[in-house]
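The values are calculated or read from the model by the stated rules, or taken from the named source; none is laboratory data. The structure displayed is predicted, hence computed values, not measured ones. Here the Cβ positions follow ideal geometry from the backbone for every residue, glycine too, while neighbour counts run over all protein chains shown. Areas reflect the complete protein model, heavy atoms only, side chains present, ligands, DNA and RNA absent. Shrake-Rupley method; radii C 1.70, N 1.55, O 1.52, S 1.80 Å.
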Amino acid sequence: MVITGMTKQFSNGRGIQNIDLTIYQGEIVGILGPNGAGKTTLLKCLTGLTSPDRGKVELFGIDIQSNYKEAIGPVGALIGPAVAYEKMSPYINLKMISRLYSGITDTDIDMVLQQTGLTPFKDEKISSFSMGMKQRFGIASALISKPRLIVLDEPTNGLDIDGLLLLRKTIQEISKHSGVTFVISSHHISELEKLCNRFCFLINGEVSLYEAGNEPLEDVYVRKVEVAVR
Amino acid sequence: MNTIKANTFNEIQKLLTKKVTKLFLLSTILVPVLTKLLVNHLFLIDWVALPTENINFTLLDLFITILIPLFIFIAATDLFTGEGERGTLFQVRPIRRIELFLTKVIAISVLCLFILLLEWLAVMISSAVFDKAFDIADIPSSVGAFIVSWFPIIVLTAFAVMLALFVHSSVLAISGMIVLYLFMMFIPYVLPGSLYLLPSTYLDWYMQWLSDVSFRWIIQTVTYLCSSFALFFSIGYYMFNRKEA
(Lines give C-alpha, C1' and ligand atoms only; values in the text may rest on other atoms or scores of the structure.)
Protein backbone atom coordinates (compact mmCIF):
# COMPACT_ATOMS: atom_id res chain seq x y z
CA MET A 1 0.00 0.00 0.00
CA VAL A 2 1.50 3.31 -1.08
CA ILE A 3 0.15 6.71 -0.05
CA THR A 4 1.77 9.68 -1.77
CA GLY A 5 1.29 13.36 -0.84
CA MET A 6 -2.16 12.82 0.60
CA THR A 7 -3.92 15.92 1.91
CA LYS A 8 -7.47 16.27 3.16
CA GLN A 9 -8.53 19.46 4.88
CA PHE A 10 -11.90 20.16 6.48
CA SER A 11 -13.53 23.55 6.93
CA ASN A 12 -12.78 23.43 10.69
CA GLY A 13 -9.05 23.38 9.89
CA ARG A 14 -8.53 19.75 10.87
CA GLY A 15 -7.40 17.04 8.51
CA ILE A 16 -4.23 15.44 7.22
CA GLN A 17 -1.41 17.10 5.31
CA ASN A 18 0.93 15.78 2.66
CA ILE A 19 1.15 12.22 3.98
CA ASP A 20 3.56 9.73 2.45
CA LEU A 21 3.32 6.18 3.74
CA THR A 22 4.26 2.75 2.42
CA ILE A 23 3.03 -0.44 4.05
CA TYR A 24 4.33 -3.82 2.94
CA GLN A 25 2.52 -7.15 2.59
CA GLY A 26 2.25 -9.05 5.87
CA GLU A 27 2.92 -6.08 8.16
CA ILE A 28 0.70 -5.19 11.09
CA VAL A 29 0.81 -1.42 11.34
CA GLY A 30 -0.67 0.48 14.25
CA ILE A 31 -1.91 4.04 13.75
CA LEU A 32 -1.67 6.15 16.88
CA GLY A 33 -2.61 9.72 17.54
CA PRO A 34 -4.69 11.98 19.75
CA ASN A 35 -8.39 12.65 19.11
CA GLY A 36 -8.92 14.73 15.98
CA ALA A 37 -5.44 13.96 14.63
CA GLY A 38 -6.90 12.57 11.41
CA LYS A 39 -6.65 8.79 11.96
CA THR A 40 -10.14 8.05 10.68
CA THR A 41 -9.72 10.54 7.82
CA LEU A 42 -6.52 8.77 6.80
CA LEU A 43 -8.24 5.37 6.86
CA LYS A 44 -11.27 6.71 4.98
CA CYS A 45 -9.03 8.13 2.25
CA LEU A 46 -7.09 4.89 2.18
CA THR A 47 -10.26 2.87 1.55
CA GLY A 48 -11.89 5.31 -0.86
CA LEU A 49 -14.72 6.31 1.47
CA THR A 50 -13.50 9.89 1.24
CA SER A 51 -11.69 11.55 -1.64
CA PRO A 52 -8.48 13.33 -0.68
CA ASP A 53 -7.99 16.95 -1.80
CA ARG A 54 -4.58 16.00 -3.16
CA GLY A 55 -2.45 12.90 -3.35
CA LYS A 56 -2.72 9.33 -4.43
CA VAL A 57 -3.40 5.92 -2.87
CA GLU A 58 -2.22 2.72 -4.51
CA LEU A 59 -3.34 -0.65 -3.19
CA PHE A 60 -1.54 -3.68 -4.58
CA GLY A 61 -0.21 -1.43 -7.35
CA ILE A 62 -3.66 -0.21 -8.40
CA ASP A 63 -4.65 3.46 -8.13
CA ILE A 64 -7.75 3.59 -5.93
CA GLN A 65 -9.19 6.71 -7.55
CA SER A 66 -9.02 5.57 -11.15
CA ASN A 67 -9.76 1.90 -10.51
CA TYR A 68 -11.69 1.72 -7.26
CA LYS A 69 -13.42 -1.61 -7.74
CA GLU A 70 -10.28 -3.59 -8.55
CA ALA A 71 -8.18 -1.83 -5.91
CA ILE A 72 -10.68 -2.31 -3.10
CA GLY A 73 -11.57 -5.94 -3.95
CA PRO A 74 -8.88 -7.43 -1.67
CA VAL A 75 -9.58 -4.99 1.20
CA GLY A 76 -11.69 -5.60 4.28
CA ALA A 77 -12.46 -2.71 6.59
CA LEU A 78 -14.17 -1.63 9.74
CA ILE A 79 -14.11 2.15 9.90
CA GLY A 80 -15.99 4.04 12.58
CA PRO A 81 -18.79 2.29 14.45
CA ALA A 82 -19.82 -1.08 13.00
CA VAL A 83 -22.73 -0.63 10.61
CA ALA A 84 -25.23 -3.24 9.53
CA TYR A 85 -28.79 -3.66 8.36
CA GLU A 86 -30.14 -4.01 11.85
CA LYS A 87 -33.45 -5.67 10.99
CA MET A 88 -31.50 -8.62 9.64
CA SER A 89 -29.38 -11.28 11.29
CA PRO A 90 -25.58 -11.25 11.08
CA TYR A 91 -25.79 -14.30 8.84
CA ILE A 92 -28.04 -12.54 6.30
CA ASN A 93 -25.88 -9.39 6.47
CA LEU A 94 -22.77 -11.44 5.73
CA LYS A 95 -24.61 -13.33 3.00
CA MET A 96 -25.44 -10.00 1.33
CA ILE A 97 -21.81 -8.89 1.54
CA SER A 98 -20.62 -12.22 0.17
CA ARG A 99 -22.66 -11.75 -3.02
CA LEU A 100 -20.34 -8.89 -3.99
CA TYR A 101 -17.31 -11.20 -3.98
CA SER A 102 -16.64 -14.38 -5.86
CA GLY A 103 -15.95 -17.68 -4.17
CA ILE A 104 -17.36 -16.99 -0.71
CA THR A 105 -19.39 -19.94 0.49
CA ASP A 106 -21.83 -20.45 3.35
CA THR A 107 -19.06 -22.38 5.11
CA ASP A 108 -16.88 -19.24 4.97
CA ILE A 109 -19.70 -17.25 6.58
CA ASP A 110 -20.02 -19.84 9.35
CA MET A 111 -16.25 -19.77 9.87
CA VAL A 112 -16.15 -15.97 10.22
CA LEU A 113 -19.06 -16.08 12.65
CA GLN A 114 -17.14 -18.61 14.68
CA GLN A 115 -13.94 -16.53 14.56
CA THR A 116 -15.80 -13.56 15.99
CA GLY A 117 -17.81 -15.56 18.53
CA LEU A 118 -21.15 -14.79 16.89
CA THR A 119 -22.23 -18.33 16.01
CA PRO A 120 -24.78 -18.58 18.89
CA PHE A 121 -26.37 -15.31 17.71
CA LYS A 122 -26.21 -15.86 13.94
CA ASP A 123 -29.99 -15.79 13.47
CA GLU A 124 -30.81 -12.97 15.88
CA LYS A 125 -31.55 -9.49 14.59
CA ILE A 126 -28.57 -7.16 14.90
CA SER A 127 -30.87 -4.51 16.42
CA SER A 128 -30.95 -6.66 19.57
CA PHE A 129 -27.13 -6.76 19.83
CA SER A 130 -25.06 -4.93 22.43
CA MET A 131 -22.38 -2.48 21.26
CA GLY A 132 -19.68 -5.09 21.71
CA MET A 133 -21.59 -7.68 19.68
CA LYS A 134 -22.14 -5.13 16.93
CA GLN A 135 -18.41 -4.48 16.95
CA ARG A 136 -17.79 -8.21 16.60
CA PHE A 137 -20.12 -8.18 13.61
CA GLY A 138 -18.17 -5.24 12.14
CA ILE A 139 -14.97 -7.28 12.43
CA ALA A 140 -16.72 -10.29 10.84
CA SER A 141 -17.82 -8.11 7.92
CA ALA A 142 -14.20 -7.01 7.41
CA LEU A 143 -12.97 -10.62 7.42
CA ILE A 144 -15.65 -12.24 5.27
CA SER A 145 -14.10 -11.42 1.88
CA LYS A 146 -10.80 -13.15 2.80
CA PRO A 147 -8.96 -9.86 2.22
CA ARG A 148 -5.23 -9.31 1.73
CA LEU A 149 -5.39 -5.97 3.53
CA ILE A 150 -7.55 -5.39 6.61
CA VAL A 151 -8.15 -1.86 7.86
CA LEU A 152 -9.58 -1.59 11.37
CA ASP A 153 -10.46 1.73 12.96
CA GLU A 154 -10.79 1.44 16.75
CA PRO A 155 -11.75 -2.25 16.54
CA THR A 156 -11.61 -2.71 20.32
CA ASN A 157 -14.32 -0.10 21.01
CA GLY A 158 -17.06 -1.66 23.08
CA LEU A 159 -15.44 -5.10 23.21
CA ASP A 160 -15.46 -7.02 26.47
CA ILE A 161 -12.37 -8.93 27.64
CA ASP A 162 -13.42 -12.07 25.76
CA GLY A 163 -13.96 -10.06 22.59
CA LEU A 164 -10.60 -8.34 22.99
CA LEU A 165 -8.76 -11.63 23.43
CA LEU A 166 -10.64 -13.21 20.53
CA LEU A 167 -9.81 -10.25 18.28
CA ARG A 168 -6.14 -10.39 19.18
CA LYS A 169 -6.02 -14.14 18.58
CA THR A 170 -7.84 -13.80 15.24
CA ILE A 171 -5.52 -11.06 13.99
CA GLN A 172 -2.42 -13.00 15.01
CA GLU A 173 -3.68 -16.23 13.41
CA ILE A 174 -4.71 -14.58 10.14
CA SER A 175 -1.45 -12.67 9.95
CA LYS A 176 0.63 -15.78 10.68
CA HIS A 177 -1.16 -18.18 8.34
CA SER A 178 -2.27 -15.96 5.45
CA GLY A 179 0.27 -13.12 5.41
CA VAL A 180 -2.54 -10.59 5.48
CA THR A 181 -1.58 -6.95 6.07
CA PHE A 182 -3.32 -5.13 8.91
CA VAL A 183 -3.66 -1.40 9.45
CA ILE A 184 -5.17 -0.80 12.87
CA SER A 185 -5.92 2.48 14.58
CA SER A 186 -6.58 2.42 18.29
CA HIS A 187 -6.32 4.35 21.51
CA HIS A 188 -5.40 1.15 23.33
CA ILE A 189 -1.65 1.64 23.13
CA SER A 190 -0.84 -1.57 25.02
CA GLU A 191 -3.05 -3.60 22.69
CA LEU A 192 -1.36 -2.18 19.62
CA GLU A 193 2.04 -2.81 21.18
CA LYS A 194 1.16 -6.51 21.51
CA LEU A 195 -0.04 -6.82 17.93
CA CYS A 196 1.90 -4.52 15.64
CA ASN A 197 5.39 -4.62 14.22
CA ARG A 198 5.37 -1.02 12.96
CA PHE A 199 3.68 2.13 14.18
CA CYS A 200 2.54 5.28 12.45
CA PHE A 201 2.12 8.30 14.72
CA LEU A 202 -0.36 10.78 13.35
CA ILE A 203 -0.06 14.04 15.20
CA ASN A 204 -1.37 17.40 13.98
CA GLY A 205 -2.19 15.82 10.62
CA GLU A 206 1.38 14.66 9.95
CA VAL A 207 2.90 11.18 10.18
CA SER A 208 6.10 9.76 11.63
CA LEU A 209 6.99 6.09 11.64
CA TYR A 210 8.46 3.86 14.32
CA GLU A 211 9.61 0.24 14.13
CA ALA A 212 8.74 -1.92 17.16
CA GLY A 213 11.72 -1.94 19.48
CA ASN A 214 12.71 -2.25 23.12
CA GLU A 215 11.50 1.16 24.22
CA PRO A 216 7.93 1.12 25.61
CA LEU A 217 5.53 2.44 22.99
CA GLU A 218 3.91 4.76 25.51
CA ASP A 219 7.23 6.58 26.05
CA VAL A 220 7.76 6.90 22.30
CA TYR A 221 4.26 8.27 21.87
CA VAL A 222 4.64 10.85 24.67
CA ARG A 223 7.95 11.99 23.20
CA LYS A 224 6.45 12.35 19.71
CA VAL A 225 3.53 14.39 21.05
CA GLU A 226 5.88 16.65 23.02
CA VAL A 227 8.02 17.27 19.93
CA ALA A 228 4.91 18.07 17.88
CA VAL A 229 3.62 20.52 20.53
CA ARG A 230 6.96 22.37 20.57
CA MET B 1 -22.31 -13.09 -9.31
CA ASN B 2 -22.27 -9.97 -11.49
CA THR B 3 -22.04 -6.87 -9.27
CA ILE B 4 -25.16 -5.16 -10.66
CA LYS B 5 -27.22 -8.33 -10.30
CA ALA B 6 -25.81 -9.10 -6.84
CA ASN B 7 -26.42 -5.65 -5.42
CA THR B 8 -29.87 -5.33 -7.00
CA PHE B 9 -30.71 -8.57 -5.22
CA ASN B 10 -29.30 -7.11 -1.97
CA GLU B 11 -31.29 -3.88 -2.29
CA ILE B 12 -34.51 -5.79 -3.02
CA GLN B 13 -33.84 -8.02 -0.03
CA LYS B 14 -33.38 -4.94 2.18
CA LEU B 15 -36.68 -3.47 1.01
CA LEU B 16 -38.54 -6.77 1.39
CA THR B 17 -37.37 -7.02 5.01
CA LYS B 18 -39.18 -3.80 5.85
CA LYS B 19 -42.63 -4.13 7.39
CA VAL B 20 -43.94 -1.30 5.22
CA THR B 21 -43.07 -3.22 2.02
CA LYS B 22 -44.86 -6.29 3.34
CA LEU B 23 -47.85 -4.07 4.11
CA PHE B 24 -47.84 -2.68 0.57
CA LEU B 25 -47.67 -6.16 -0.91
CA LEU B 26 -50.51 -7.31 1.31
CA SER B 27 -52.64 -4.32 0.35
CA THR B 28 -51.87 -5.03 -3.32
CA ILE B 29 -53.74 -8.29 -2.92
CA LEU B 30 -56.36 -7.25 -0.39
CA VAL B 31 -57.55 -3.97 -1.96
CA PRO B 32 -58.69 -5.51 -5.28
CA VAL B 33 -60.23 -8.55 -3.58
CA LEU B 34 -62.12 -6.51 -0.98
CA THR B 35 -63.25 -3.97 -3.57
CA LYS B 36 -64.65 -6.66 -5.82
CA LEU B 37 -66.31 -8.37 -2.88
CA LEU B 38 -67.93 -5.13 -1.75
CA VAL B 39 -69.02 -4.14 -5.24
CA ASN B 40 -70.57 -7.48 -6.11
CA HIS B 41 -71.90 -8.94 -2.92
CA LEU B 42 -72.60 -6.29 -0.36
CA PHE B 43 -74.13 -2.90 -0.65
CA LEU B 44 -73.07 -1.35 -3.96
CA ILE B 45 -75.70 -3.08 -6.02
CA ASP B 46 -75.85 -0.34 -8.67
CA TRP B 47 -72.19 -0.81 -9.48
CA VAL B 48 -72.84 -4.27 -10.76
CA ALA B 49 -74.14 -2.62 -13.89
CA LEU B 50 -70.73 -1.07 -14.45
CA PRO B 51 -68.46 -2.87 -16.89
CA THR B 52 -65.94 -4.83 -14.87
CA GLU B 53 -63.06 -3.16 -16.75
CA ASN B 54 -64.00 0.26 -15.30
CA ILE B 55 -63.56 -0.99 -11.75
CA ASN B 56 -60.29 -2.64 -12.71
CA PHE B 57 -58.93 0.62 -14.10
CA THR B 58 -60.20 2.56 -11.08
CA LEU B 59 -58.14 0.16 -8.96
CA LEU B 60 -55.14 0.69 -11.23
CA ASP B 61 -55.57 4.47 -10.84
CA LEU B 62 -55.64 4.11 -7.07
CA PHE B 63 -52.35 2.24 -7.14
CA ILE B 64 -50.47 4.32 -9.70
CA THR B 65 -51.48 7.69 -8.32
CA ILE B 66 -51.50 7.04 -4.58
CA LEU B 67 -50.16 3.74 -3.28
CA ILE B 68 -47.19 3.16 -5.60
CA PRO B 69 -45.94 6.79 -5.37
CA LEU B 70 -46.15 6.46 -1.59
CA PHE B 71 -44.16 3.22 -1.76
CA ILE B 72 -41.58 4.88 -4.02
CA PHE B 73 -41.16 7.80 -1.59
CA ILE B 74 -40.70 5.44 1.36
CA ALA B 75 -38.28 3.17 -0.52
CA ALA B 76 -36.19 6.05 -1.94
CA THR B 77 -36.02 7.68 1.48
CA ASP B 78 -34.96 4.43 3.12
CA LEU B 79 -32.33 3.40 0.55
CA PHE B 80 -30.73 6.84 0.26
CA THR B 81 -31.52 9.30 3.07
CA GLY B 82 -32.10 6.58 5.67
CA GLU B 83 -28.93 4.70 4.84
CA GLY B 84 -27.02 7.98 4.91
CA GLU B 85 -28.34 8.57 8.45
CA ARG B 86 -27.51 5.04 9.58
CA GLY B 87 -24.06 5.06 7.97
CA THR B 88 -24.72 2.05 5.73
CA LEU B 89 -24.84 3.97 2.43
CA PHE B 90 -21.14 3.72 1.61
CA GLN B 91 -19.12 0.73 2.73
CA VAL B 92 -15.75 -0.63 1.69
CA ARG B 93 -16.98 -3.04 -0.98
CA PRO B 94 -15.95 -3.73 -4.58
CA ILE B 95 -18.78 -1.80 -6.15
CA ARG B 96 -18.52 1.51 -8.03
CA ARG B 97 -20.71 4.41 -6.97
CA ILE B 98 -22.56 4.38 -10.29
CA GLU B 99 -23.32 0.68 -9.81
CA LEU B 100 -24.50 1.26 -6.25
CA PHE B 101 -26.74 4.14 -7.34
CA LEU B 102 -28.10 2.27 -10.35
CA THR B 103 -28.89 -0.90 -8.40
CA LYS B 104 -30.85 1.04 -5.79
CA VAL B 105 -32.94 2.68 -8.53
CA ILE B 106 -33.42 -0.68 -10.27
CA ALA B 107 -34.47 -2.34 -6.99
CA ILE B 108 -37.23 0.22 -6.35
CA SER B 109 -38.41 0.04 -9.99
CA VAL B 110 -38.43 -3.77 -9.99
CA LEU B 111 -40.49 -3.86 -6.80
CA CYS B 112 -42.94 -1.37 -8.35
CA LEU B 113 -43.29 -3.66 -11.38
CA PHE B 114 -43.84 -6.58 -9.03
CA ILE B 115 -46.54 -4.62 -7.18
CA LEU B 116 -48.22 -3.77 -10.50
CA LEU B 117 -48.16 -7.37 -11.71
CA LEU B 118 -49.35 -8.66 -8.36
CA GLU B 119 -52.18 -6.15 -8.43
CA TRP B 120 -53.09 -7.17 -11.98
CA LEU B 121 -53.18 -10.79 -10.90
CA ALA B 122 -55.29 -10.00 -7.84
CA VAL B 123 -57.67 -7.91 -9.96
CA MET B 124 -58.03 -10.62 -12.59
CA ILE B 125 -58.57 -13.44 -10.12
CA SER B 126 -61.06 -11.46 -8.05
CA SER B 127 -62.84 -10.40 -11.27
CA ALA B 128 -63.10 -13.99 -12.40
CA VAL B 129 -64.45 -15.06 -9.01
CA PHE B 130 -66.76 -12.16 -8.12
CA ASP B 131 -67.69 -10.26 -11.30
CA LYS B 132 -70.80 -11.29 -13.14
CA ALA B 133 -69.64 -9.28 -16.17
CA PHE B 134 -66.10 -10.70 -16.29
CA ASP B 135 -64.98 -11.13 -19.86
CA ILE B 136 -61.79 -13.01 -20.71
CA ALA B 137 -61.40 -10.78 -23.79
CA ASP B 138 -60.58 -7.87 -21.45
CA ILE B 139 -57.34 -9.52 -20.27
CA PRO B 140 -54.98 -8.30 -23.04
CA SER B 141 -56.00 -4.64 -22.65
CA SER B 142 -55.77 -4.82 -18.85
CA VAL B 143 -52.35 -6.46 -18.77
CA GLY B 144 -51.15 -3.87 -21.32
CA ALA B 145 -52.47 -1.03 -19.16
CA PHE B 146 -50.70 -2.37 -16.06
CA ILE B 147 -47.40 -2.85 -17.89
CA VAL B 148 -47.28 0.56 -19.64
CA SER B 149 -48.01 2.18 -16.27
CA TRP B 150 -44.58 1.02 -15.14
CA PHE B 151 -42.69 3.49 -17.37
CA PRO B 152 -43.87 6.77 -15.77
CA ILE B 153 -43.38 5.03 -12.42
CA ILE B 154 -39.67 4.58 -13.25
CA VAL B 155 -39.48 8.33 -13.95
CA LEU B 156 -41.17 9.07 -10.62
CA THR B 157 -38.64 6.75 -8.94
CA ALA B 158 -35.71 8.73 -10.40
CA PHE B 159 -37.45 11.94 -9.27
CA ALA B 160 -37.94 10.64 -5.71
CA VAL B 161 -34.34 9.39 -5.52
CA MET B 162 -33.06 12.79 -6.65
CA LEU B 163 -35.14 14.51 -3.93
CA ALA B 164 -33.99 11.99 -1.31
CA LEU B 165 -30.38 12.99 -1.97
CA PHE B 166 -30.96 16.68 -1.34
CA VAL B 167 -31.77 16.22 2.34
CA HIS B 168 -30.09 14.54 5.29
CA SER B 169 -33.20 13.72 7.31
CA SER B 170 -35.60 10.89 6.47
CA VAL B 171 -38.55 12.73 8.01
CA LEU B 172 -37.82 15.80 5.92
CA ALA B 173 -37.31 13.68 2.78
CA ILE B 174 -40.57 11.77 3.03
CA SER B 175 -42.69 14.76 4.05
CA GLY B 176 -41.06 16.94 1.37
CA MET B 177 -41.78 14.34 -1.31
CA ILE B 178 -45.42 13.99 -0.29
CA VAL B 179 -45.96 17.77 -0.20
CA LEU B 180 -44.25 18.21 -3.57
CA TYR B 181 -46.28 15.37 -5.07
CA LEU B 182 -49.55 16.86 -3.82
CA PHE B 183 -48.41 20.21 -5.22
CA MET B 184 -47.75 18.56 -8.61
CA MET B 185 -51.20 16.95 -8.55
CA PHE B 186 -53.02 20.22 -7.83
CA ILE B 187 -50.94 22.90 -9.56
CA PRO B 188 -52.44 22.14 -13.02
CA TYR B 189 -55.82 23.32 -11.69
CA VAL B 190 -54.29 26.75 -11.07
CA LEU B 191 -51.77 26.80 -13.94
CA PRO B 192 -53.16 24.57 -16.71
CA GLY B 193 -50.07 25.21 -18.85
CA SER B 194 -47.90 23.35 -16.34
CA LEU B 195 -49.81 20.11 -16.82
CA TYR B 196 -47.57 18.59 -19.48
CA LEU B 197 -44.35 19.56 -17.71
CA LEU B 198 -45.02 17.54 -14.57
CA PRO B 199 -43.93 13.89 -14.25
CA SER B 200 -47.05 13.15 -12.19
CA THR B 201 -49.26 13.95 -15.21
CA TYR B 202 -48.06 10.88 -17.08
CA LEU B 203 -48.77 8.34 -14.36
CA ASP B 204 -52.13 7.50 -15.94
CA TRP B 205 -50.85 7.56 -19.52
CA TYR B 206 -52.17 4.02 -19.98
CA MET B 207 -55.54 5.64 -20.73
CA GLN B 208 -54.08 7.14 -23.88
CA TRP B 209 -52.82 3.74 -24.95
CA LEU B 210 -56.31 2.28 -24.53
CA SER B 211 -57.81 4.88 -26.88
CA ASP B 212 -56.69 5.63 -30.44
CA VAL B 213 -53.10 6.56 -29.91
CA SER B 214 -51.31 8.78 -32.44
CA PHE B 215 -47.71 8.26 -33.46
CA ARG B 216 -46.95 11.93 -32.73
CA TRP B 217 -48.28 11.60 -29.17
CA ILE B 218 -46.17 8.48 -28.58
CA ILE B 219 -43.00 10.25 -29.74
CA GLN B 220 -43.73 13.37 -27.66
CA THR B 221 -44.59 11.52 -24.48
CA VAL B 222 -41.84 8.93 -24.71
CA THR B 223 -39.31 11.70 -25.39
CA TYR B 224 -40.57 13.63 -22.36
CA LEU B 225 -40.42 10.56 -20.10
CA CYS B 226 -36.93 9.56 -21.30
CA SER B 227 -35.51 13.06 -20.96
CA SER B 228 -37.11 13.55 -17.52
CA PHE B 229 -35.64 10.25 -16.39
CA ALA B 230 -32.21 11.21 -17.75
CA LEU B 231 -32.38 14.58 -16.00
CA PHE B 232 -33.51 13.23 -12.60
CA PHE B 233 -31.11 10.28 -12.79
CA SER B 234 -28.14 12.50 -13.70
CA ILE B 235 -28.82 15.07 -10.97
CA GLY B 236 -29.42 12.25 -8.49
CA TYR B 237 -26.16 10.55 -9.39
CA TYR B 238 -24.27 13.85 -9.26
CA MET B 239 -25.55 14.39 -5.69
CA PHE B 240 -24.85 10.77 -4.75
CA ASN B 241 -21.30 10.87 -6.10
CA ARG B 242 -20.51 14.05 -4.16
CA LYS B 243 -21.50 12.46 -0.84
CA GLU B 244 -18.77 11.34 1.51
CA ALA B 245 -18.96 8.57 4.07
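Summary table
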quantity	calculated
Accessible-area composition of the protein assembly as shown, carbon plus sulfur, in percent [1.4 Å probe]	63 percent
Normalised contact order of chain A, rounded percent, pairs of Cα under 8 Å and 6 or more residues apart	26 percent
Length-normalised contact order of segment B:108-245 in % [C-alpha pairs under 8 Å, at least 6 apart]	34 percent
Mean residue ellipticity (222 nm) of chain A, computed from DSSP H runs ≥ 4 via -39,500 (n - 2.57), nearest 500	-10500 deg cm²/dmol
Residue-averaged beta-carbon neighbours from other chains (10 angstrom radius) around B:82-92	5
Accessible area in the full protein assembly, largest first, 1.4 Å probe, for B:PHE57, B:PHE114	B:PHE114, B:PHE57
Quarter of the Cα convex hull surface for segment B:3-242, i.e. its orientation-mean projected area (nm²)	14.7 nm²
Accessible area buried at the A-B interface, both sides summed, 1.4 Å probe (Å², nearest 100)	2400 Å²
Segment A:102-174 - convex hull of alpha carbons, volume per residue in Å³	97 Å³
Against the rule of thumb 2.2 N^0.38 Å, how large the Cα Rg of chain A comes out	1.00
Label-point separation, B:LEU195 to B:VAL213 (7 Å along Cα→Cβ), nm	1.9 nm
Average beta carbon contacts from partner chains per residue of A:81-87, 10 Å cutoff	4
Sites B:PHE114 and A:VAL229 - FRET efficiency at Förster radius 35 Å, r taken between beta-carbons, to 0.05	0.05
Per residue accessible area of chain A, 1.4 Å probe, in Å²	45 Å²
Solvent exposure ordering (accessible area, 1.4 Å, most first) of A:ARG168, B:ARG93, B:ARG216	B:ARG216, A:ARG168, B:ARG93
Viscosity 1.567 mPa s, temperature 4 °C, Stokes-Einstein D of segment A:48-148 from Kirkwood C-alpha radius, µm²/s	89 µm²/s
J(HN,Hα) series, segment A:83-96, from Karplus relation 6.51 cos²θ - 1.76 cosθ + 1.60, nearest Hz, glycine and proline x	10, 7, 7, 6, 7, 10, 7, x, 4, 5, 4, 5, 4, 5
Pairs beyond 28 Å (Cα-Cα), from A:LYS8/A:LYS176; A:LYS146/B:LYS104; A:LYS39/A:LYS134; A:LYS125/B:LYS22; A:LYS125/A:LYS194; A:LYS8/A:LYS169	A:LYS8/A:LYS176; A:LYS125/A:LYS194; A:LYS8/A:LYS169
Phi-based couplings in Hz for segment A:214-230 (Karplus 6.51, -1.76, 1.60; Gly and Pro marked x)	7, 5, x, 4, 4, 5, 4, 4, 4, 4, 4, 5, 4, 4, 5, 5, 5
Accessible area per residue, Å², chain B with all protein chains present, probe 1.4 Å	48 Å²
Mean residue ellipticity (222 nm) of chain B, computed from DSSP H runs ≥ 4 via -39,500 (n - 2.57), nearest 500	-23500 deg cm²/dmol
Rounded FRET efficiency, nearest 0.05, which uses the C-beta distance separating B:ALA133 from B:ARG242 and R0 of 56 Å	0.50
Accessible surface ranking that places the most exposed of B:HIS168, B:HIS41 first, with a 1.4 angstrom probe	B:HIS168, B:HIS41
Centre separation in Å (Cα based) which lies between segment A:10-69 and segment B:94-148	47 Å
Neighbour net charge for B:ILE115 - beta-carbon separation under 15 angstrom, K R +1, D E -1	0
By average C-beta atoms within 10 angstrom, highest first, the peptides B:104-112, B:153-161, A:9-17, A:66-74	B:153-161, B:104-112, A:66-74, A:9-17
Linear extension gain, B:LEU180 paired with B:HIS41, 0.36 nm per residue minus alpha-carbon span	46.2 nm
Normalised alpha carbon radius of gyration of the protein assembly as shown [divisor 2.2 N^0.38 Å]	1.20
Amide H contacts of A:MET88 (H built 1.01 Å from N, under 5 Å, at least 5 apart or other chain)	A:ILE126, A:SER127
Whole-number percent relative contact order across segment B:40-196, with pairs defined as alpha carbons under 8 Å at least 6 apart	38 percent
